Amino acid sequence: MIQLQRLSGCLLLWAVVAAASNAAELPAPDADALARWQAMRFGMFVHWGPVSLKGTEIGWSRGQQVPAEEYDSLYKTFHPIQFDADEWVRTAKAAGMKYFVITSKHHDGFCLWDTKTTEYKITDTPFKRDVLKELSDACRKHGIQFSTYYSICDWRHPDYPLGSPGGKTTKATADMKRYVPYMKEHLREIVKNYGPLGSMWFDGEWESPWTHEMGLDLYRYVRSLQPGILVNNRVDKGRRGMHGGTMGHEYAGDYDTPEQRVGTFQTDRPWESCITICQQWAWKPDDRLKSLKECIQTLVNTAGGDGNLLLNVGPMPDGRIEPRQVERLKEIGEWLERYGESVYETRGGPFKPGAYGASTSKAYRVYLHVFNWQGETLRFPAINAKIVKAALLGGDGQAVVEQTDNQILVKVAGPDRKEPDTVVVFTLDRPANAVAPVAVAP
Ligand code: H79
């Protein structure tokens, strides 16, 4: 007993010290803003710039498929006359997306807003219009949260040490002591002129000129511009590659960022998977478009893992989002119109994602999303709650559920099953957040 007290005393002391040093180091994320953002679950990502004229990948094709001098001159002929911010935001809204994130500046350094810091910007193209301004206004008008992506690395700027392709060359002129203030002025302009923002979505942090100290400093700086803003974990050096998790509490960032994959089940820290609707981030002619089934199952698997999905489109050089992508987004929206209750404002679990599909929950309800039936009956492990009712979401058809002390059996007759997702709703005898998550055997 005495030993236990000592141990818990020790732990308490440790917790107090840890909390104090954390608080001194970094402001905690705005918990309400974070919860509101998590509840949205689904957002639109946009990668766009003069590179769309070539149809090659943004940033990465500079000095590869497109010679650097040619790449850097594309903006002189960039004239997307069909660009309509309202149309883009309506497309996002019709898809059931609740927030919007656009590349203000990618690794190529091109600025999609009217910055005072450089001529390499949208208002110095023949188009002249401030795309960020029009989009931030349209988002506010339509009730969509507006956010910006911002790449820390800039392979074109003379003060940034590494050049294209992919930071493989070095520049004699470079100086991070000049580059960091240049970046900070960008961020100040963006937050002040187009904010308040939902998030500042950093990228390009993995390169060697960027340090943990710079990451901490930039995190504090962005929070000082807008205290309630969210900042992703790519502001600092703690990201675990494309897996996107964060290596420890000493690293700045309010949420994790798996890339081109659905994150693994994680309820103790928010995360968001960014995934392309085709294969490339920027527009590519005839790029392979993902099927409706793939899009819906990706969204549901993400929500089921307790994460958000940021689905990317790359608009064309004429300013439009490709009609076939608009059509796919509309189909996703139609599905959400019907089944959105099982996605928005839910948390992942308690049944972890698996070969069967995934589960989400809110209040006293669990939404079991089944993609693969593997026979007559699906078997799930026991949970510490009683299922008092089971039904199909949407109401057309029947779900038969048998709960015993050590398993849950679920049956839905063939004709009542839905493509690409049969949503079975369990009503529990207690709030779903009191149920311990369980893994489902394949
Ligand atoms: O903007 C889109 C891509 O252009 C950008 N992020 C999305 C949102 C992107 N940057 N890098 N990558 C995609 C792939 C980079 C992979 C690597 Fe690495 C960079 C492999 C090695 C260095 C980062 C650090 C991933 C693993 C280690």
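The table that follows gives values for the structure above.
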| item | result |
| --- | --- |
| Single residue of segment 247-264 satisfying the filter (crowded, with 21+ Cβ neighbours inside 10 Å and closer than 14 Å to Gly307 by Cβ) that is farthest from the chain's Cα centre (by Cα) | Asp254 |
| Subset of segment 156-176 that is modelled with pLDDT of 95 or more and under 19 Å from Val235 (Cβ atoms) - its residue that is surrounded by the fewest Cβ atoms within 10 Å (Cβ to Cβ) | Met176 |
| Test: residue in segment 85-99 that is in a strand (DSSP E or B) and crowded, with 17+ Cβ neighbours inside 10 Å | yes |
| Verdict on Gly228 being touching a residue at least 12 places away in the same chain (Cβ under 8 Å), more than 22 Å from Phe351 (Cβ to Cβ) and not in a helix (DSSP H, G or I) | yes |
| Which numbered condition Lys121 fails, given (1) crowded, with 24+ Cβ neighbours inside 10 Å; (2) among the charged types (D, E, K, R); (3) more than 16 Å from the ligand (Cβ to nearest atom) | (1) |
| Filter result (under 27 Å from Gly59 (Cα atoms), of a type outside the set (A, V, I, L, M), in contact (Cβ under 8 Å) with a residue 12 or more places away in the chain and away from the ligand (no atom under 16 Å from the Cβ)) within segment 278-311 | Pro285, Lys290, Cys295 |
| Residue check for Ser73: of a type outside the set (Phe, Trp, Tyr) and within 16 Å of the ligand (Cβ to nearest atom) | no |
| Cross-chain or 6+ apart pairs with Cβ under 8 Å, segment 24-41 first and on the phi < 0 side of the Ramachandran plot, then among the hydroxyl-bearing types (Ser, Thr, Tyr) and part of a helix (DSSP H, G or I) | Leu26/Tyr219 |
| Failed item in (1) more than 16 Å from the ligand (Cβ to nearest atom); (2) crowded, with 19+ Cβ neighbours inside 10 Å; (3) within 27 Å of Pro27 (Cβ to Cβ), with Leu135 passing the rest | (3) |
| Residue check, Thr115 more than 17 Å from Tyr221 (Cα to Cα), crowded, with 20+ Cβ neighbours inside 10 Å and among the hydroxyl-bearing types (Ser, Thr, Tyr) | yes |
| Count of residues meeting criterion [away from the ligand (no atom under 12 Å from the Cβ), aliphatic (A, V, I, L, M) and within 26 Å of Gln280 (Cβ to Cβ)] in segment 207-264 | 2 |
| Which numbered condition Val424 misses (of (1) farther than 25 Å from Leu292 by Cα; (2) touching a residue at least 24 places away in the same chain (Cβ under 8 Å)) | (1) |
| Test: Leu310 is crowded, with 22+ Cβ neighbours inside 10 Å and more than 20 Å from Ala439 (Cα to Cα) | yes |
| Candidate set: segment 149-175, residues that are more than 15 Å from the ligand (Cβ to nearest atom) and of a type in the set (A, V, I, L, M); chosen: the one farthest from Leu311 (Cα to Cα) | Ala172 |
| Residues located in segment 100-118, provided they are within 16 Å of the ligand (Cβ to nearest atom) and either assigned to a helix (DSSP H, G or I) or not charged (D, E, K, R) (or both) | Phe100, Val101, Ile102, Thr103, Ser104, His106, His107, Gly109, Phe110, Cys111, Leu112 |
| Pairs, first surrounded by fewer than 19 Cβ atoms within 10 Å (Cβ to Cβ) in segment 364-386, second of a type in the set (D, E, K, R) and in a strand (DSSP E or B), C-beta under 7 Å, six or more apart | Glu376/Lys411; Thr377/Lys411 |
| Unique match (being surrounded by 22 or more Cβ atoms within 10 Å (Cβ to Cβ) and farther than 23 Å from Phe202 by Cα) among Pro67, Pro80 | Pro80 |
| Single residue of segment 39-65 satisfying the filter (of a type outside the set (S, T, N, Q) and more than 22 Å from the chain's Cα centre (by Cα)) that is farthest from the ligand (Cβ to nearest atom) | Leu53 |
| Any hit, segment 218-233, residues being small (Gly, Ala, Ser) and out of contact with any His (no Cβ under 7 Å at 6 or more places or on another chain) | yes |
| Residue satisfying all of: in segment 265-277; under 15 Å from Pro29 (Cβ atoms) and outside any loop (DSSP other than H, G, I, E, B); farthest from the ligand (Cβ to nearest atom) among these | Trp271 |
| Pairs, first over 9 Å from Asp236 (Cα atoms) in segment 203-217, second more than 14 Å from the ligand (Cβ to nearest atom) and aliphatic (A, V, I, L, M), C-beta under 7 Å, six or more apart | Pro209/Met176 |
| Condition check for Ala94: assigned by TED's automatic domain parsing to the domain that holds Ser273, more than 22 Å from Gly195 (Cβ to Cβ) and among the aliphatic types (A, V, I, L, M) | yes |
| Qualifying position, being within 16 Å of Trp113 (Cα to Cα) and either within 15 Å of the ligand (Cβ to nearest atom) or in a loop (DSSP other than H, G, I, E, B) (or both), among Met200, Met183 | Met200 |
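The values are calculated or read from the model by the stated rules, or taken from the named source; none is laboratory data. Just so you know, these numbers come straight off a predicted model, no measurement behind them. Don't worry about glycine lacking a Cβ; one is built from the backbone with ideal geometry, like all the others, and counts go over all protein chains shown.
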